[in-house]
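Colleague: Submitted below is the structure of interest, expressed as structure tokens.
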Amino acid sequence: MNARSITPVLLFWLVLCVDAEAARIGEITENDPWEQVRRFFTLADPGLRLGLAGALLFGAACGLLGSFIVVRKMALIGDAISHAVLPGVALGFLWSMDKDPLAILVGATAAGLMGSLVVELIQRTTKIKQDAALGIVLASFFAVGLCMMRMIQNTGAASRITGLKSYLFGDVAVLNRQDVVTITGVVVVTIFMVILLYRPLLTIGFDREFARSTGLPVRWFDCLFQLFLAFSIVVALQAVGVVLVSALLITPAATAYLLVNRMHHMLWVAAVIGMFSALLGVFCSFLGSNLPTGPFMVLGASSLFLLAYLFAPRHGRFTRWMSYRARRRNVSNENMLKSIYRMIEKGIAGQDGRVGVSMDLLAGERQVTMAELVGDLRRLRTLGAVDFVDGEGQVVLTESGFKQARRVVRNHRLWELYLTNEADYASNHVHDDAEKIEHFLSEEKVAEIERQLDFPEVDPHGQPIPGRDRA
Amino acid sequence: MALFVTVACALIGNYLVLRRISLVGDAISHSVLPGIAIAFIMTGSRTGTPMFIGALVAGVAATVFIEILHSRSRLKQDAAIGITFSTLFAIGVILISIHGAHTDLDLDCVLFGKMDFLPVKEPVFLGLPGVAVTMGALAFCVGLLIILFYKELLVSSFDPALAASMGIHPRLVHYLLMSVLSVVVVGAFTSVGAILVIAMLILPAATSCLLSERLWVMMLLSLLHAFLSSLAGVHLAVALQVPTAPACVVAGTGLFVIAWIASPRQGLISLWLRNPDPEGAMEA
């Protein structure tokens, strides 16, 4: 709780101590990249300090708010709101006939809020689904905004409207000190709101019906949340632009969603990722001359997302592929041990497993070629489960390999018996099921089944069930 | 010209709304940007074919990414769409601002379209400019495809399982639909711009879905909507001296609002007549 509120305060302080004649990032001309890097990390330029502070702050705010919209499955509401603000921007401009930030801010927030309310209204009163409702609001508000802009331009105020282009693509370099102070204010309030109203927001986010039944004013919270969302989006617009602001809402939150399972962790991680991508964005656009900041922020966020998508500890593609491979290898190892065990059992080899099993026969039993068999056995040998008998084309189970094989066979046969006795399966239908589950039964489960079956000796096919390990 | 664009979009838009993937249209229209930028950088020309191919590839790639992201991770489709299109769009903007800064590849044009800036120099066919002919042919092809594969599209939109049991491959249909969508979006793109394409896709379908419950009636109504909105839009554009594309969208929105309020069975008025207590109607 403490650390969470300290960060924005620090950044706020950073903003305040910027000297008054702050230059804008865009005006810095420096060609040596290393010099640029040094200047970036020493925060030599006041303009950079401004832009960076602003970017970091709304990176954090977008992460926080984005977490809620991602878990509520309304990720694209940010997209809709950010487009819907355009008529508000135009109206704010009309009202003041200048690029007065306050008028534009108020107009834009109002339009954004209205957009999200219309989305809800359409969903509630018609059979149109959320996606279409979002699309309608997004495009129609935007079109109205475009028309109004053009009409403003037609009246001859075109020269003063140039700053509006940054609303579309965004550039941290155009932020002036007043903007950053506004951003800071909004972000601090947002963060405090999320901390204070964490419980109700969480409840509404996951289970609206439950929230309503506990007497929470769900509607009011929705409106409040959307107000803040619209507000943050409007504030972020200047730096990243209409199209990409939704990315800053969704991507850090989605990354966090892949990484952690609990909501308050997710908020944390999303805020940090948001700040980090903002940092990356400002850094890249600072290095190259005249590059837009917003797209680089988005790319930073997207590459973090890609990393999480591939390597997240539990849900990553690569991680899951690795564990899948390990599991499959384990299954194939255990099957090999089982085959050897059964050949020993059939009397093809000596009872204690010390005498070797012919690899020719084993290959026939497993229905694999000799080369494949030898490869598999080599792998088992490195695990210490089998050993080759030199010069005789035979293989023996080691002590641990024998135990493992017996455990698998025991699982298999106990499960078959369980299915026939307790679940009324026909005895000729139980093998396939047991073939799968034998690898995954835990010690406790097996013991429980055994107890329930009253310590049986033979399986439904009349084969002996090996005893419990005496280890 | 406006008519051809709206008709092609309206036809395919019905299926987007039905399949609840309306925003995929939006995603594609944004995602084609890097394709266009790369085609432009590689060939250095601003003419149709390379750009069209680049855009098409990028559009189809975007649908594939969305599909992969949402079927292979715990993310929902909305988040997958948001991430995909914003990433691709960001790449596009960066590419253009690095390479296209000195050229005439203008972001404004790419984003907002220039329906009224129809190139007069282009070859003229039957009194219509080349772009319009392309778009008209596109609209015709889309119409033809939909008539030919009406049953397949219908079944796989409403019940993928049934479609699979009938020997229709739902995934194949999905990707085919997405490729056609990409073609239409790319075609419409130059005239209406990336952001307004979605309006052309969704508005007719959403309006007609308020008025009818049968798919073929819906499609006819959406054609009517496309026709009316482009007609009204052009007049509006002339009257207010605004660009044609946004004006068409504004007109289309007007039609939607009328349907929303006055639709015989699902409109706000009939809702209110049946249940005068507005709170109750909304909760229902």
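The values are calculated or read from the model by the stated rules, or taken from the named source; none is laboratory data. All values derive from a computational prediction rather than experimental measurement. Note: ideal-geometry Cβ built from the backbone for every residue, glycine included; neighbour counts use all protein chains shown. Protein only, heavy atoms only, side chains kept; ligands, DNA and RNA dropped before computing areas. Shrake-Rupley method; radii C 1.70, N 1.55, O 1.52, S 1.80 Å.
Colleague: Quick check on the stretch B:50-60. Is at least one of its residues over 18 Å from the mean Cα position of the chain (by Cα) and modelled with pLDDT under 80?
Modeller: Within the stretch B:50-60, one or more residues are over 18 Å from the mean Cα position of the chain (by Cα) and modelled with pLDDT under 80.
Colleague: Taking the residues in the stretch A:439-459 that are under 15 Å from A:Leu419 (Cα atoms) and of a type in the set (A, V, I, L, M) as candidates, determine which candidate is surrounded by the fewest Cβ atoms within 10 Å (Cβ to Cβ).
Modeller: Applying the filter and picking the extreme gives A:Val458.
Colleague: Just to check your reading of the model, which residue among A:Met114, A:Met74, A:Met149 is open to solvent by 10 Å² or more (accessible area, probe 1.4 Å), at the interface with chain B (Cβ under 10 Å from one of its Cβ atoms) and in a helix (DSSP H, G or I)?
Modeller: A:Met149
Colleague: Taking the options B:Leu210, B:Leu223, B:Leu196, B:Leu201, name whichever one is of a type outside the set (D, E, K, R) and open to solvent by 10 Å² or more (accessible area, probe 1.4 Å).
Modeller: B:Leu223
Colleague: Taking the stretch A:420-438 only, how many residues are among the hydroxyl-bearing types (Ser, Thr, Tyr), part of a helix (DSSP H, G or I) and open to solvent by 50 Å² or more (accessible area, probe 1.4 Å)?
Modeller: Of the residues in the stretch A:420-438, 1 are among the hydroxyl-bearing types (Ser, Thr, Tyr), part of a helix (DSSP H, G or I) and open to solvent by 50 Å² or more (accessible area, probe 1.4 Å).
Colleague: For the stretch B:226-246, which positions are within 10 Å of another protein chain (Cβ to nearest Cβ) and over 16 Å from the mean Cα position of the chain (by Cα)?
Modeller: B:Gly233, B:Leu236, B:Ala237, B:Leu240, B:Gln241, B:Val242, B:Pro243, listed by residue number.
Colleague: Okay, moving on. Can A:Tyr341 be described as in contact with a strand residue (DSSP E or B) (Cβ under 8 Å, 6 or more places away or on another chain) and either more than 23 Å from B:Ile68 (Cβ to Cβ) or open to solvent by less than 70 Å² (accessible area, probe 1.4 Å) (or both)?
Modeller: yes
Colleague: Across the stretch A:119-129, which residue is farthest from the other protein chains (Cβ to nearest Cβ) among those that are more than 21 Å from B:Ser212 (Cβ to Cβ) and touching a residue at least 12 places away in the same chain (Cβ under 8 Å)?
Modeller: The extreme case among them is A:Val119.
Colleague: Same structure again: Scan the stretch A:297-308 and tell me whether some residue there is β-branched (Val, Ile, Thr), within 11 Å of chain B (Cβ to nearest Cβ) and touching a residue at least 40 places away in the same chain (Cβ under 8 Å).
Modeller: Yes - at least one qualifying residue is present in the stretch A:297-308.
Colleague: It is to be established whether one or more residues within the stretch A:405-419 are assigned to a loop (DSSP other than H, G, I, E, B) and either within 18 Å of A:Asn330 (Cα to Cα) or touching a residue at least 40 places away in the same chain (Cβ under 8 Å) (or both).
Modeller: No, because not a single residue in the stretch A:405-419 is assigned to a loop (DSSP other than H, G, I, E, B) and either within 18 Å of A:Asn330 (Cα to Cα) or touching a residue at least 40 places away in the same chain (Cβ under 8 Å) (or both).
Colleague: Moving on. Somewhere in the stretch A:210-229, is a residue buried (at least 17 other Cβ atoms within 10 Å of the Cβ) and under 19 Å from B:Lys76 (Cα atoms)?
Modeller: no
Colleague: Determine which member of the set A:Val408, A:Val395, A:Val386 is modelled with pLDDT of 85 or more and in contact with a helix residue (DSSP H, G or I) (Cβ under 7 Å, 6 or more places away or on another chain).
Modeller: One residue alone meets the criteria, A:Val408.
Colleague: Same structure, new question: Does the stretch A:315-333 contain any residue that is more than 14 Å from chain B (Cβ to nearest Cβ), open to solvent by 60 Å² or more (accessible area, probe 1.4 Å) and not in a helix (DSSP H, G or I)?
Modeller: no
Colleague: Just to check your reading of the model, which residue among A:Gly384, A:Gly401 is outside any helix (DSSP H, G or I) and closer than 24 Å to A:Gly467 by Cα?
Modeller: A:Gly384
Colleague: Continuing with this model, one more query. Against the definition (under 17 Å from B:Ile36 (Cα atoms), modelled with pLDDT under 80, surrounded by fewer than 20 Cβ atoms within 10 Å (Cβ to Cβ) and more than 8 Å from chain A (Cβ to nearest Cβ)), how does B:Lys114 come out, yes or no?
Modeller: Against the criterion (under 17 Å from B:Ile36 (Cα atoms), modelled with pLDDT under 80, surrounded by fewer than 20 Cβ atoms within 10 Å (Cβ to Cβ) and more than 8 Å from chain A (Cβ to nearest Cβ)), B:Lys114 qualifies.
Colleague: Only one residue in B:Ala194, B:Ala206 is assigned to a helix (DSSP H, G or I) and either away from chain A (no Cβ under 14 Å) or in contact (Cβ under 8 Å) with a residue 40 or more places away in the chain (or both). Which one?
Modeller: Criteria check complete, one pass: B:Ala206.
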